[in-house]
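Note sheet for the following structure.
The values are calculated or read from the model by the stated rules, or taken from the named source; none is laboratory data. A quick note: this is a predicted structure, and the numbers were derived from the prediction, not measured. Cβ placement follows ideal geometry from the backbone for every residue including glycine, while neighbour counts extend to all protein chains displayed. Surface accessibility is based on the protein's heavy atoms, side chains included, excluding ligands, DNA and RNA. Shrake-Rupley method; radii C 1.70, N 1.55, O 1.52, S 1.80 Å.
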Amino acid sequence: MKSILELLSDRVRAAIARVGVEGDPQIHASQDEKFGDYQSNAAMGLAKKLARKPREVAEAIVEKLDIDDLCERPEIAGPGFINFRLQPSFLARSLQSIATADDLDTDRVGLPPTEKPEVIVVDLSSPNLAKEMHVGHLRSTVIGDCVARVLEFQGHTVHRENHVGDWGTQFGMLLAHLRRVRPEVVDRPGELVIRDLESFYIEAKARFDADEKFKEESRETVVALQKGDPTIRRIWKAFCDESLRHCHEIYDRLAVRLIDRGESYYHEGMEEVIRRLERMRDHHEGGTVRDSDGALCVFLDGFTTREGQPLPLMVRKSDGGFNYATSDLATILDRVETLKATRIVYVVGLAQKQHFEMLFAAARKVGWVGPDVRLEHLGFGNMLSKAGTPFKTREGGTVKLKDLLDEAVARARRVVEEQGLDETGPRRSFTPQQMDAIAETVGLAAVKYFDLSHSMTSDYRFDLDTMLAMEGNTAPYMLYAYARIRSIGRKAGVDFRELPSDAPILLEHPSEIALAKKLLQFADAIEVVGRELRPNVLTDYLYDLAKAFSRFYDKKLGVRVIDATPETVRSSRLRLCDITARALRLGLRLLGIDTIEQM
Ligand code: ARG
């Protein structure tokens with residue numbers, strides 16, 4: 001089943017063609033129900049092309065539209081908007097075609113995969129291995145995972161790459177320190193355990209700042225590392241393995257899968273980057289690649305310093321060292337040439353906006369990335385404290401991601417203990433193990449949902465009270481909405497899986513029609529998220545769906561379900577319950593959130 005957006009777009013595009021031009025149908029969902037469900041703004045743009053009045057063009061399009069099976073007769077409004085209202089019979093037929101599901105974990109709720117699968121790289125999480133993961137890595141991990149899940153669901157091949165920092169100058173200091181305080185690491189690298197990477201880093205840094213000899217030793221150690229000295233490489237690997245082990249505890253807990261492919265992985269790729277660029281420099285190809293003050297640079301159009309001087313992308317420092325741009329050009333070569341990706345998404349904070357703009361411009365300018373490949377920086381804002389200040393511990397240190405998650409889970413436990421009620425009574429009847437599992441699910445869900453529900457580019461305040469509220473656009477509300485629908489099945493004594501798939505869907509009451517429309521817009525939401533990479537479109541959709549369901553099930557505003565008569569009406573409404581629960585469950589799964597059957 002195609003999304004409604006696609007269906008309407010296809011029909012309107014065909015009508016535009018029949019009018020004798022080509023044009024984008026410009027369909028979107030209406031903001032206000034008064035104007036119908038969808039709207040096309042195509043006439044305004046086409047009017048110029050055709051040198052006719054927009055309203056006339058709109059009339060001509062409507063005249064040629066073949067759409068009676070989907071909509072009521074379209075209406076023209078204002079300067080030339082075309083408004084569409086979906087027909088209940090179309091809604092019913094479409095929902096009817098969604099079969100019941102046996103396996104909720106693989107359920108697609110009737111949504112087919114894309115007809116144009118791509119190879120897509122999502123570069124996510126990517127902490128620096130010198131330190132413990134801190135709160136700053138939450139967003140990249142959670143947003144990256146959600147985007148990857150949606151693209152995978154659409155049927156794309158997705159490489160989830162964790163571009164960890166494992167090669168920078170800090171490693172000289174850390175490895176030199178490690179060798180001094182844990183000399184046994186050289187012989188038994190596999191046994192290295194560092195309980196607290198953060199304090200290890202602080203110790204090493206203190207020594208580095210205080211001791212000139214140690215500083216020198218640190219520098220020699222980086223050089224040895226990059227040259228491939230076997231002993232230093234062993235220590236380095238022991239350190240990185242240990243640091244990655246810490247990261248993967250968190251990834252496992254958050255159910256985030258990824259491949260570790262740090263900067264070191266591109267070591268040879270970086271040399272290739274330099275070789276190719278030097279060749280261009282030596283051939284003076286357009287003067288794009290030149291030396292500047294001893295550094296190798298790619299000159300770009302449209303980037304200047306504050307003084308108005310050209311601002312090039314530096315790819316080799318004057319001391320011969322590689323930098324962030326070198327390794328990122330190597331990632332692009334690998335992803336385009338080896339993985340054959342046609343879309344590369346970097347989920348990295350907005351602080352690196354300019355780096356990516358210059359990187360992408362450089363990769364295109366030197367011809368490594370053609371017009372058929374999309375490069376996208378999915379930049380996000382900061383997570384701030386509840387007070388709106390930078391997120392720090394009381395002592396001013398960085399907050400470890402693990403501590404933050406633990407706190408959210410502890411708070412979730414209290415909320416569920418105190419407020420979690422459904423038809424089975426207070427939650428205190430759960431065993432401690434059940435309670436632990438529920439608290440873990442709700443706590444992590446709250447953190448993820450809150451993060452994903454904000455518009456990507458704005459900063460947001462981390463506020464446990466708000467994110468754990470039972471009302472509003474929060475994870476507990478969504479989880480509760482799901483659990484409640486599942487409990488309707490139990491109360492009605494029916495197994496949703498066994499509802500007859502051929503039982504007709506009957507839509508009469510306004511709350512039924514509204515719910516049916518919302519359900520069919522699931523495909524639209526997923527399509528938009530896949531295209532624009534905005535997870536909050538999905539959270540907003542799910543919240544609207546949960547509200548539409550609430551109205552449908554409301555004693556006053558909605559309809560009877562469990563005791564509805566006749567049986568055909570009852571089974572139609574139970575089918576709507578089932579499809580809603582499944583859409584909520586799938587939607588939450590795409591956000592990286594597990595549902596619970598009872599809470
Ligand atoms: N490790 C980097 C940091 O901590 C982020 C890397 C993002 N990915 C990339 N390909 N540049 O800032």
Subject >> ³J(HN,Hα) computed for each position of the range 524-532 - Karplus, 6.51 cos²θ - 1.76 cosθ + 1.60, integer Hz, glycine/proline x >> reply: 4, 4, 5, 4, 5, 5, x, 7, 9
**OP:** Please name whichever of Val57, Tyr543, Ser97 sits farthest to the positive end of the charge dipole of the chain, dipole taken about the Cα centre and charges placed at Cβ: Lys and Arg +1, Asp and Glu -1.
**Re:** Val57
**OP:** Taking the Cα centre of the range 432-473 as origin, work out the dipole magnitude from +1 charges on Lys and Arg Cβ and -1 charges on Asp and Glu Cβ, in debye rounded to 20.
**Re:** 100 debye
**OP:** Can you run the Rg to Rh ratio on the range 107-242? Use alpha carbon positions and the Kirkwood inverse-distance Rh.
**Re:** 1.15
**OP:** Give, to the nearest whole percent, the P(r) tail of the range 440-599 beyond 22 angstrom, counting all Cα pairs.
**Re:** 42 percent
**OP:** Could you check the simple spin-label distance between Ala51 and Glu184, using points 7 Å along Cα→Cβ, in nm with one decimal?
**Re:** 8.9 nm
Original post:
Toward the positive end of the charge dipole of the chain, about the Cα centre and with charges on Cβ (Lys, Arg +1; Asp, Glu -1), which of Leu277, Ala514, Phe171 goes farthest?
Top reply: Ala514
Original post:
Roughly how many debye, to the nearest 20, is the charge dipole of the chain about its Cα centre, given +1 on each Lys and Arg Cβ, -1 on each Asp and Glu Cβ, and no other charges?
Top reply: 720 debye
Subject >> Crossing angle, helix 54-64 versus the chain [Cα axis fit, 0-90 degrees, rounded to tens] >> reply: 70 degrees
Subject >> Per residue value of the accessible surface for the range 398-511 (all protein chains in place, 1.4 Å probe), Å² >> reply: 45 Å²
**OP:** Read phi for every residue in the range 169-178 and hand back ³J(HN,Hα) as whole Hz from Karplus 6.51 cos²θ - 1.76 cosθ + 1.60, θ = phi - 60°, with x for Gly and Pro.
**Re:** 5, 4, 5, x, 4, 5, 6, 5, 5, 4
Subject >> the range 1-88: translational diffusion in µm²/s, Stokes-Einstein, Kirkwood Rh over Cα pairs, 4 °C, 1.567 mPa s >> reply: 102 µm²/s
Subject >> Label-point separation in nm, Asp502 to Asp463, each point 7 Å along Cα→Cβ >> reply: 5.4 nm
Subject >> ³J(HN,Hα) computed for each position of the range 259-271 - Karplus, 6.51 cos²θ - 1.76 cosθ + 1.60, integer Hz, glycine/proline x >> reply: 10, 7, 9, x, 4, 4, 4, 9, 4, 6, x, 5, 5
Original post:
So if R0 is 45 Å, what FRET efficiency would Ser429 and Thr114 give, r being the distance between their Cβ atoms, rounded to the nearest 0.05?
Top reply: 0.50
Original post:
Expressed as a fraction of 2.2 N^0.38 Å, the rule-of-thumb size for a compact globular protein of N residues, what is the C-alpha radius of gyration of the range 1-160?
Top reply: 1.40
**OP:** Between Gln96 and Asp540, take the C-beta separation as r, use R0 = 30 Å, and let me know the FRET efficiency to the nearest 0.05.
**Re:** 0.65
Subject >> 1.4 Å probe accessible area per residue over the range 8-57, in Å² >> reply: 57 Å²
Original post:
If you project the alpha carbons of the range 425-526 onto the principal axes, what extent comes out on each, in Å, largest first?
Top reply: 46, 41, 21
**OP:** Specify the angular offset, from 0 to 90 degrees and rounded to the nearest 10, of the alpha carbon long axis of helix 353-365 from the longest principal axis of the alpha carbons in the chain.
**Re:** 90 degrees
Original post:
Lys/Arg Cβ at +1, Asp/Glu Cβ at -1, dipole of the chain taken about the Cα centre: which of Ile82, Gly287, Ala437 is farthest positive-ward?
Top reply: Ile82
Original post:
How long are the semi-axes of the ellipsoid equivalent to the chain, from square roots of 5 times the Cα gyration tensor eigenvalues, in whole Å, largest first?
Top reply: 49, 35, 19
**OP:** With the full set of protein chains in place, find how many percent of the accessible area of the range 73-176 is carbon and sulfur; take the probe as 1.4 Å.
**Re:** 52 percent
Original post:
How many percent of the accessible area of the range 330-391 is carbon or sulfur, using a 1.4 Å probe?
Top reply: 56 percent
Subject >> Interchain or long-range residues, amide H under 5 Å from Leu384's placed H >> reply: Tyr460, Arg461, Phe462
Subject >> Estimated inter-spin distance, Asp403 and Val223, nm [label 7 Å along Cα→Cβ] >> reply: 3.9 nm
Original post:
Angle between the Cα long axis of helix 535-553 and the longest principal axis of the chain, 0 to 90 degrees, nearest 10?
Top reply: 30 degrees
